Amino acid sequence: MNNRITQLFGIKYPIIQGGMVWCSGWRLASAVSNAGGLGLLGAGSMHPEMLVEHIRKMKGATDKPWGVNVPLMYPEIDRLMQIITGEGVKIVFTSAGSPKKYTPVLHDAGIKVAHVVSGSRFALKCLEAGVDAVVAEGFEAGGHNGREETTTFTLIPQVRRSVSIPLIAAGGIVSGSGILAAEALGADGVQIGTLFALSRESSASSEFKQRCVAMDEGGTMLCLKKLSPTRLVKNSLYERIAEAEARGASADELRDILGRAASKRGIFEGDIVNGELEIGQAASYIKDVLPVSEIMDTLVAEYEECKARIG
Ligand SMILES: Cc1cc2nc3c(=O)[nH]c(=O)nc-3n(C[C@H](O)[C@H](O)[C@H](O)COP(=O)(O)O)c2cc1C
């Protein structure tokens, strides 16, 4: 599994744990890095002081490479970038915005930069911005999503055709066969969210994890396109949002229905009825909440087995 992505980040396996609000603190990220993948702290749900704490704990928990995910719409983005450069972070995955402004700033500080996109035209913008790698994320994925609903299977070959820089596939990957499939489609590595969000080391509540592993196929739906397209578990909050969207509710009304800190309430505090539960379609494949080391061992063994079987 040694390739451009393992070489770029200095990791053993080209498996990246996506930054995830309310899930990916230092415990999860360090467990992934210690198991040979690349763990990312999810700055999206951290106050700047909280990020400093997690970065420092991370430094004590692993001597392997790791990084920070920064959604670029973060309200105190300049402060966050100062912390990242000041604390000597080596790898940053940006998302939800344009990579143009911050990629040179991060490069000047010697930081490797990857950026998350949902379409080829955004991948071309990454190329112009000079990022080191691009993450192409299909709409199966958990979290905030592309407006155009392009699936991973459709997206990866097209992004591969558009750009030649290292490419990381994301969205719906929960098995070694998925990693091999992503490679066959042209990716150099994978970014996995859902599977790690439901791992033992994830800081999500056990109520959230149990609700997600009990989910059947079709248990999530992409909604909130008037705000920011988000894949949600079909709970009571989702039903209210779906009903409002069906009658053409405005962005303001949707914001009111969602309420304040909806993802914290749902994912972190475990309000599985009225909280915002963000998870990917592939959650229905996951049956148990397992430790990261076991998840990583299984991914690698399945990948090898599948590769040998296909020849
Ligand atoms: C609970 C949850 C929270 C997420 N939060 C973020 C985030 O803060 N920033 C980001 O770039 N991506 C976020 N994502 C997306 C993941 O980083 C990753 O790209 C995605 O989950 C991959 O697809 P998968 O869920 O099918 O594995 C989130 C995903 C989940 C499930």
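Taking residue 115 as the residue in question, decide whether it is within 20 Å of residue 67 (Cβ to Cβ), surrounded by fewer than 24 Cβ atoms within 10 Å (Cβ to Cβ) and in contact with a strand residue (DSSP E or B) (Cβ under 7 Å, 6 or more places away or on another chain).
No; evaluated as a whole, the condition is false for this residue.
With respect to the conditions (1) in a loop (DSSP other than H, G, I, E, B); (2) more than 15 Å from the ligand (Cβ to nearest atom), residue 99 falls short on a single one, namely (2). Within the option set 275, 270, 266, being outside the structural domain of residue 303 (by TED's automatic domain parsing), outside any loop (DSSP other than H, G, I, E, B) and in contact (Cβ under 8 Å) with a residue 24 or more places away in the chain holds for one residue only, 266.
Listed by first and then second residue, the pairs linking a residue in region 169-184 that is at positive phi to a residue that is modelled with pLDDT of 95 or more and more than 7 Å from the ligand (Cβ to nearest atom), with Cβ atoms under 6 Å apart and 6 or more places separating them unless they lie on different chains, are 171/138; 171/152; 172/152. Taken together, the residues in region 215-235 that are surrounded by 15 or more Cβ atoms within 10 Å (Cβ to Cβ), in contact with a strand residue (DSSP E or B) (Cβ under 7 Å, 6 or more places away or on another chain) and either of a type in the set (Asp, Glu) or outside any strand (DSSP E or B) (or both) amount to 5. Candidates are the residues of region 6-27 that are closer than 20 Å to residue 181 by Cα and either crowded, with 24+ Cβ neighbours inside 10 Å or among the polar types (S, T, N, Q) (or both); the one that is farthest from the ligand (Cβ to nearest atom) is 6. Number of residues in region 159-177 that are of a type outside the set (A, V, I, L, M, F, W, C), within 18 Å of the chain's Cα centre (by Cα) and more than 9 Å from the ligand (Cβ to nearest atom) equals 3. Under the condition of being surrounded by fewer than 23 Cβ atoms within 10 Å (Cβ to Cβ), within 26 Å of residue 300 (Cβ to Cβ) and touching a Phe, Trp or Tyr at 6+ places or on another chain (Cβ under 6 Å), the residues counted in region 28-57 number 1.
The values are calculated or read from the model by the stated rules, or taken from the named source; none is laboratory data. As the structure is a computational prediction, the values presented were derived from the model and not from experiment. As a convention, Cβ positions derive from the backbone with ideal geometry for all residues, glycine included, and neighbour counts pool all protein chains shown.
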